[in-house]
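Notes for the one structure printed next.
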Amino acid sequence: MKIRVPGVLVHYLAYGWTSTWRITRLNEDRAERAQRLAPGGAVVGIFWHQSLLMAAACHHHRHVAALTSRSQDGGIMSAHLNRIGIRTVRGSSRRGATEAAKELMRAIEDGWMIATACDGPTGPIYRPKAGPLEIARRHQVPLVPMGFGALGHWDITPAWDRFRMPWPGTRIAVNYGEPIMFPPGEPDDAEMERRIADVTARLWELEREAMAAIGSR
């Protein structure tokens with residue numbers, strides 16, 4: 001029997017924990033420049049799934065909309081995100097796809113940053129999905145990769161994503177990458193693989209820079 005954890009409880013635990021972190025922002029001007037590239041100011045921000053909690057903590061009330069699943073776990077995460085000023089778009093290719101596509105379009109038209117873990121929701125780890133790249137291409141908005149680092153953290157190794165849980169009171173960093181604009185034409189399989197490889201390399205470089213900035217390896 002699976003225990004259902006109240007979303008409000010998760011929110012207070014997560015907020016109490018993450019509010020102790022000391023946040024360093026690197027290259028935030030890149031995200032600002034990306035917003036100027038799209039007529040409405042919308043961008044698609046991507047990061048590794050293991051950094052979900054850090055990504056949320058760094059974007060309280062910053063005009064961010066997060067893509068979350070329609071699962072029970074997605075509902076718990078949404079309850080937390082909504083309470084810290086992050087709009088949620090819930091859906092997947094299997095559940096709620098039509099409703100999610102409409103809500104996604106509204107968020108883009110309203111100029112929000114669409115934030116999503118690019119190797120989620122179930123992996124494989126460190127392998128970006130084509131979906132976020134295609135959202136950016138189809139809507140002709142910039143893609144902004146983001147790297148995160150924590151001076152001290154635990155790796156939740158039983159989890160498929162090796163979820164990173166920074167220690168209370170530790171320093172964390174978010175590092176924004178150069179915006180990427182894809183041409184409007186639909187890419188073939190070889191081109192999509194090149195784009196995924198390029199995004200993967202950028203994410204790793206941003207992670208290394210984030211860790212170095214706070215003095216961590």
- Please enumerate the residues belonging to region 104-152 that are out of contact with any helix residue (DSSP H, G or I) (no Cβ under 9 Å at 6 or more places or on another chain) and closer than 22 Å to R217 by Cβ. G152
- Message: Yes or no: region 126-142 includes at least one residue that is under 17 Å from the mean Cα position of the chain (by Cα) and over 17 Å from R195 (Cα atoms).
- Response: no
- Can you give me the number of residues within region 156-211 that are buried (at least 19 other Cβ atoms within 10 Å of the Cβ) and of a type in the set (S, T, Y)? 1
- Message: Filter region 26-41 down to the residues that are part of a loop (DSSP other than H, G, I, E, B) and closer than 18 Å to C58 by Cα and list them by number.
- Response: N27
- Tell me which residues, restricted to region 134-148, are under 22 Å from R208 (Cα atoms) and in contact with a Leu (Cβ under 9 Å, 6 or more places away or on another chain). L143, P145, M146, G147, F148
- over 29 Å from L13 (Cα atoms) and touching a residue at least 40 places away in the same chain (Cβ under 8 Å): does that describe R164? no
- Message: Restricting to region 1-34, name every residue that is hydrophobic (A, V, I, L, M, F, W, C), over 25 Å from T170 (Cβ atoms) and at pLDDT below 80.
- Response: M1, I3, V8
- Kindly provide the set of residues from region 130-172 that are among the β-branched types (V, I, T) and more than 18 Å from T18 (Cα to Cα), ordered by number. I135, V141, V144, T157
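The values are calculated or read from the model by the stated rules, or taken from the named source; none is laboratory data. Small disclaimer: the values here were computed from a predicted structure and weren't measured. Because the Cβ atoms are built from the backbone with ideal geometry, glycine has one as well, and the counts that use them run over all protein chains shown.
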